[in-house]
Amino acid sequence: VQLQAYGGGLVQAGGSLRLSCTASGIIFSGAVMGWYRQAPGKQRELVASITSGGTTNYADSVKDRFTISADNAKRTVDLEMKRLKPEDTAVYYCNVRSMFLPRYNYWGHGTEVTVSS
């Protein structure tokens, strides 16, 4: 199983970025796909998640600014980020984990997002 994330970069505050994650070797069935981030000196935190049934969940800090979407057939999960703030600066990771047995939990490599003030 591989999760390939891309789309990070440097953007000014107030700008937008779109992160994409493509999975291979796995299907999005009975799974939760998510984006996490880890800022320097901080713990990794959930940014947004979406189930294979389409239920979404967002961290309070990104609600109304970020939108997560998934294409189960293409096995992609995207994170549209708008009105970015310097505090959104972090390494972003995509994740796919099972909701049922058998259990699995896969991480992609990180993609760095830097928001300048």
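The values are calculated or read from the model by the stated rules, or taken from the named source; none is laboratory data. Small disclaimer: the values here were computed from a predicted structure and weren't measured. Because the Cβ atoms are built from the backbone with ideal geometry, glycine has one as well, and the counts that use them run over all protein chains shown. Ligands, DNA and RNA are stripped out before the accessible areas are found, and what is left, the full protein with its side chains, is counted by its heavy atoms. Shrake-Rupley method; radii C 1.70, N 1.55, O 1.52, S 1.80 Å.
Numbers for the structure displayed
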| item | result |
| --- | --- |
| Residue selected from the stretch 81-117 under the condition at pLDDT below 95 and among the hydrophobic types (A, V, I, L, M, F, W, C), by the criterion surrounded by the most Cβ atoms within 10 Å (Cβ to Cβ) | MET99 |
| Total residues in the stretch 1-52, condition among the aromatic types (Phe, Trp, Tyr) and over 20 Å from THR89 (Cα atoms) | 1 |
| Checking VAL11 against (1) at pLDDT 95 or above; (2) under 17 Å from GLY108 (Cα atoms); (3) β-branched (Val, Ile, Thr), the condition it does not meet | (2) |
| Residues of the stretch 45-80 that turn out to be hydrophobic (A, V, I, L, M, F, W, C), at pLDDT 95 or above and closer than 21 Å to ILE27 by Cα, as a count | 6 |
| The stretch 22-38 residues that are under 23 Å from LEU84 (Cβ atoms) and in contact (Cβ under 8 Å) with a residue 60 or more places away in the chain, paired with ones that are assigned to a strand (DSSP E or B) and among the basic types (Lys, Arg) (beta carbon under 8 Å, 6 or more apart) | GLY34/ARG97 |
| Flag if MET33 is of a type outside the set (Ser, Thr, Tyr), more than 18 Å from VAL113 (Cα to Cα) and either open to solvent by less than 50 Å² (accessible area, probe 1.4 Å) or in contact with a Phe, Trp or Tyr (Cβ under 9 Å, 6 or more places away or on another chain) (or both) | yes |
| Selection within the stretch 71-105 - of a type in the set (A, V, I, L, M), touching a residue at least 40 places away in the same chain (Cβ under 8 Å) and in a loop (DSSP other than H, G, I, E, B) | LEU84, MET99 |
| In the stretch 14-30, the residues that are farther than 30 Å from PRO102 by Cα and open to solvent by 50 Å² or more (accessible area, probe 1.4 Å) | GLY14, SER16, ARG18 |
| Residue in the stretch 43-57 that is most open to solvent (accessible area, probe 1.4 Å), counting only those that are in a strand (DSSP E or B) and either farther than 25 Å from GLY15 by Cα or out of contact with any Leu (no Cβ under 9 Å at 6 or more places or on another chain) (or both) | GLU45 |
| Single unsatisfied condition, ALA73 versus (1) farther than 12 Å from SER49 by Cα; (2) open to solvent by less than 40 Å² (accessible area, probe 1.4 Å); (3) of a type in the set (A, V, I, L, M) | (2) |
